[in-house]
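K.L.:
Here it is, the structure in full.
The values are calculated or read from the model by the stated rules, or taken from the named source; none is laboratory data. Keep in mind it's a predicted model, so treat the numbers as computed, not measured. Neighbour counts run over all protein chains shown; Cβ positions are idealised from the backbone, glycine included. When the accessible area is computed, the model is the full protein with side chains, heavy atoms only, and any ligands, DNA or RNA have been set aside. Shrake-Rupley method; radii C 1.70, N 1.55, O 1.52, S 1.80 Å.
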Amino acid sequence: MASSLFLHRQVTRHGCWVFSGVYRLLSRSTSANVVKHDLASFPQDTPTPEGKTEFSRAGIGGFFQQKPVLKNPFLEDALLQGYLRRHLPSKAVYSELLVFGERLVHEVDGWGRECETTPPTLVTYDAWGCRVDRIVTSPAWRRMKELSAQEGLVAIGYERTYGEWSRVYQMCKLYLFSPSSGLYSCPLAMTDGAAKVIQSLGVSGPTDEAFSRLTSRDPGYFWTSGQWMTERKGGSDVGSGTETVALPQSDGSYRLSGFKWFTSATDADMTLTLGRVADRDGRTTPGSRGLSLFYAPVRNQQGMVQGIEVQRLKDKLGTRQVPTAELLLDGLPAYRLSDEGRGVACIANMLTLTRIHNSVSAVAGMRRILQLARDYARHRSVFGKPLKSHPLHIQTLTRMEVETRGAFLLVMDICRLIGREETGQASQLDAHLLRLLTPVAKLYTGKQAIAVISEGLESFGGQGYIEDTGLPAMLRDAQVLSIWEGTTNVLSMGVLRCIARTSGLILQSYFTHTQSLIATDILPSLSGAVRSVDSALCGLKEFLQDAAVKPPGYLELAARDLAYSLARIYMGALLIDHASWKGASPSDAYAALRWCEQELCPVVNNAARGSYKTETFTQDAALVYEESTRQ
Ligand code: MFK
C-alpha cells in the first residue's frame, strides 16, 4: 500500500494520471503492480567503487533494446507454406524459396536499405556543358537488377516450368522479395507487364529482342521496362489527357513528342507508352479512340537517352529509391505495337499485371511488418513481461494477421487465375473472375497495407517512428499502393464498367464461384463463418437487383462500397475454403472465423442508410464546401 501511495504521488506529480478513478483501476491491474516492482528495482544513481555513476559522462546506461530481427521470411510464413503444400507441393519450389529466403536475409535486405538511403540523382549536364540527362542510381539498385535476372523474378512467369502454377510460384518469390527489394519490385512489375503485352500481341520485329531481354535470366542481357502512361492532364483520365503525338516516319517507325508527367524507374532500358498518331496534316483523334501503343528503346548504343529530356526527378513522399521522372519526349524513336486507336485495350494487359504486382507488394508489406512485430514482441519487455504476453498486444497483432491472410489468399487466387489464362486452361468463369478481381484486389489490398503497416509501426512504440530503424519507410512506401496504377475510386469505377460491359455476367461468375468455395467439405466449426458469407452474398444480390432500377448515379456512389464488399466476401470464402483443406492448421480455421466476424457487405448497410441517393450527394457536397459556399 505504501508503495502504491508513492506511485500515486509520483504519477500525479508528473501530471500524467490525475483521475483517481483511473488510477484505482490501474493500481489493481497487473501492469500497475509491475510498475511498482520496476520502480523498486530501478538502477540507483549511486557511485560505483571507481566513483562513477552509471549515467555519468559517456555512460548512457546499460540497457539496449534488442532490435527486431528479420529471419528467413519463407520459413516464418506458415500460410505461404501451407498454400504451397496444398497447391504446388514441389520439393524444388520449397528448397528454392528456402534458399532465396536466406539470401534475402543475409544479402538483399541490406541492399534494399541502401537503396532507401542512397536515392537516385539526376545529372543534367556534364562538366563541359553538354546535356547528358543521366540518372545515377546506387550500386545496390544495380545489384537488384542483376539479382532479379539471376533469380528469374520475371523469367519464371514465362518459362512456365510449373505450368498453370508458374505465376503463383513467381509471385510467391516476388512476395518474399518485395519488402527487401528497395522498391526494385516497381521496375519488375512494369517489366513483367511489358513482356506480357508483347507476348499477347505476338513477338515480332523490333520487340523480338526486347521480349527475350525482359524475360532473360542473364544479368548482362536482362532489360527492364518502363510504362509511361501518365501525362499532366492525364493521371486517371488517360483517354482525354494524353497529348503525346506520334509522327509516322518513312521506314514505318514513329517519332513521339509530348510530356510524360510520371515515368517510374526511368533508368529502364525500354518503355511502353501511349500516343496519338498524327495524319499528314498533323491532326489527331481525341479520346481513347485516338490512342495507340508504342514501344521505344530508351537509350542508344552509348547508353545515352535519345529523343528524351529528363526534366527533373520527382520529390516523393516515399518510394524514394525509385527514379521517377518528368520527361519531355522530343522526337523519341518508337514503334507502334497496337492497331491505331487500340492503345488502351492493348496496355490493359500491362495494367492487369502491374496491378497484380501492386497487390503482391501490398500483402508482402503487411507480412513483413508482422514478422518484425512478432519478433519484437518476443524480446521487448514492458510492465514486467514480454509484449507477446500482453493479451491486448496480441489481439492487435491478430487483427493484422487476419487482414494479411485474407489479402494473401485473394492475391494468390488471382495469380492462380492468370496462370490458368496463360496456359490456355481458363474457363469463361476464370476469365471473368480474373477481370473482376484484379482491380478489386488492387484497391482493397492497397488500403489494407496502409492500415496494417501503420498499426505495425505503432507496435514498436516510439521506435516505429524512428527513421533509421527502417520502419517509417515501410509506411511511406505503402502509401503509393493505393495511388499508382489506379486510385481506389478510379478502380472502383473500373469494376462497375467491367460489370456493365459483360451485362452482369461477370457477377454471375463471382456468385457461382464464391458459393462453390463455401459449399463443399467445410469444417463444421466454420458453419458460423459460412453463414456470414452466405448471408452477405444474398444481401449483395438483393442490393444489385435494387440498384439496377435506381437513377443513374446511384451505383457510382456505391462503387467503392461495392468493391469492398466483393473483396471482403471473396476473402471470407477463400479463408473458409483454405481452412477446410485437409492439411490446414487450427489457426487457418480461426483466421476464417475472425475474418467473417466483420461487416462483409458494407454496400448493403450503406444503401439502407441512404448513402447513395441523389439528395445524399447534394448534402455531402454542401458539407464538404460549407465554408466556401457561404456568402
Ligand atoms: C515508384 C514511383 C511512384 C510514383 C508515384 C506514382 C504516381 C502515380 C503514377 C501513375 O500515374 S500510375 C498510372 C495511373 N493511371 C492509371 O492506372 C489509369 C487509371 N485509369 C484507368 O484504369 C481507366 O479505367 C482507363 C484508362 C483504362 C480507362 O480508359 P478508357 O479509354 O475509358 O477505357 P475503356 O473504354 O474503359 O476501355 C477501353 C478498352 O480497354 C476496352 O476494350 P474494348 O474496346 O475491346 O471493349 C476495355 O475492355 C479495355 N480495358 C480497359 N481496362 C481494362 C481493359 N481490359 C482489361 N483490363 C482492364 N483493366
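K.L.:
Could you please state, rounded to a whole Å, how far the C-alpha centre of the range 145-218 is from the C-alpha centre of the range 288-323?
P.N.:
20 Å
K.L.:
Same structure, new question: Would you mind checking the tilt of helix 554-579 against the longest principal axis of the Cα atoms of the chain, expressed as 0 to 90 degrees and rounded to 10?
P.N.:
The angle comes out near 70 degrees.
K.L.:
Mind checking which of T488, H432, G406 is farthest towards the positive end of the range 397-522's charge dipole, using Cβ charges of +1 (Lys, Arg) and -1 (Asp, Glu) about the Cα centre?
P.N.:
Checked the options; the winner is H432.
K.L.:
What whole number of Å gives the distance from the Cα centroid of the range 243-284 to the Cα centroid of the range 493-547?
P.N.:
Their Cα centres are 43 Å away from one another.
K.L.:
Hey, got the dipole for the chain? About the Cα centre, +1 on K and R Cβ, -1 on D and E Cβ, debye to the nearest 20?
P.N.:
Here the chain has a charge dipole of around 1080 debye.
K.L.:
Step through the table entries K71/K385; K314/K447; K196/K582; K145/K388; K173/K541; K173/K447, compare each Cα-Cα distance with 27 Å, and write down the pairs that go over it.
P.N.:
Correct reply: K196/K582; K145/K388; K173/K541.
K.L.:
Working from Cα positions, state the angle (0 to 90°, nearest 10) between the long axis of helix 428-458 and the longest principal axis of the chain.
P.N.:
40 degrees
K.L.:
Solvent-accessible area per residue for the chain at a 1.4 Å probe radius, Å²?
P.N.:
In whole numbers, the chain has 46 Å² accessible per residue.
K.L.:
Could you give the dipole magnitude of the range 347-486 about its Cα centre, charging the beta-carbon of Lys and Arg +1 and that of Asp and Glu -1, in debye to the nearest 20?
P.N.:
360 debye
K.L.:
Please name which of P139, P120, P89 has its Cα lying farthest along the dipole of the chain towards the positive end, using unit charges on Cβ (Lys, Arg +1; Asp, Glu -1) and the Cα centre as origin.
P.N.:
Most positive-ward Cα: P89.
K.L.:
Can I ask one more? Please give the solvent-accessible surface of E76 in Å², to the nearest 10, using a probe radius of 1.4 Å with every protein chain present.
P.N.:
Surface accessible to solvent at E76 totals approximately 40 Å².
K.L.:
Just to confirm the number: angle between the C-alpha axis of helix 343-379 and the first principal axis of the chain, 0 to 90 degrees, nearest 10?
P.N.:
10 degrees
K.L.:
In addition: To the nearest 0.05, how large is the calculated FRET efficiency for Q395 and R280 if R₀ is 45 Å and r is the Cβ-Cβ distance?
P.N.:
Calculated transfer efficiency: 0.05.
K.L.:
Which aspartates and glutamates have a Cα less than 20 Å from the Cα of K613, not counting those fewer than 8 places away in the same chain?
P.N.:
In chain and number order, the partners are E542, D546, E556, D561, E626.
K.L.:
Choose one of V105, G129, Q65: the residue whose Cα lies farthest towards the positive end of the charge dipole of the range 63-153 (beta-carbon charges +1 Lys, Arg; -1 Asp, Glu; about the Cα centre).
P.N.:
Towards the positive end, the residue furthest out is V105.
K.L.:
If you don't mind, there's one more thing I want to ask. Rank-order 161-167, 123-129 by packing density, defined as the average count of other C-beta atoms within 10 Å over each peptide's residues, highest first.
P.N.:
Those peptides, ordered most packed to least, come out 161-167, 123-129.
K.L.:
Right, another one. Gain in length, S250 to R142, computed as 0.36 nm per residue apart minus the alpha-carbon separation, to one decimal in nm?
P.N.:
Extending this stretch completely gives an extra 35.1 nm.
K.L.:
Continuing with the same structure: Would you kindly derive the ³J(HN,Hα) couplings of the range 279-285 from the backbone phi angles with the Karplus curve 6.51 cos²θ - 1.76 cosθ + 1.60 (θ = phi - 60°), listing them in order in whole Hz, with x for Gly and Pro?
P.N.:
7, 4, 8, x, 7, 10, 8
K.L.:
Distance in nm between label sites at T161 and S587, each 7 Å beyond Cα in the beta-carbon direction?
P.N.:
Once both label points are built, they end up 2.8 nm from each other.
K.L.:
Taking amide H positions as placed in the peptide plane 1.01 Å from N, state which residues far from F262 in sequence (5 or more) or on other chains have amide H under 5 Å from it.
P.N.:
Close amide H contacts, sequence-distant or interchain: T230.
K.L.:
Still on this structure, I have one more. What's the magnitude of the charge dipole for the range 90-344 around its Cα centre, counting Lys and Arg as +1 and Asp and Glu as -1 at the beta-carbon? Answer in Debye, nearest 20.
P.N.:
With Lys and Arg at +1 and Asp and Glu at -1, about 320 debye.
K.L.:
What part of the accessible area of the range 358-501, given as a whole %, is carbon or sulfur when the probe is 1.4 angstrom?
P.N.:
Carbon and sulfur: 55 percent of the exposed surface of the range 358-501.
K.L.:
Please compute the modelled spin-label separation between S236 and C130, points set 7 Å along Cα→Cβ, answer in nm with one decimal.
P.N.:
The two pseudo-label positions are separated by 4.5 nm.
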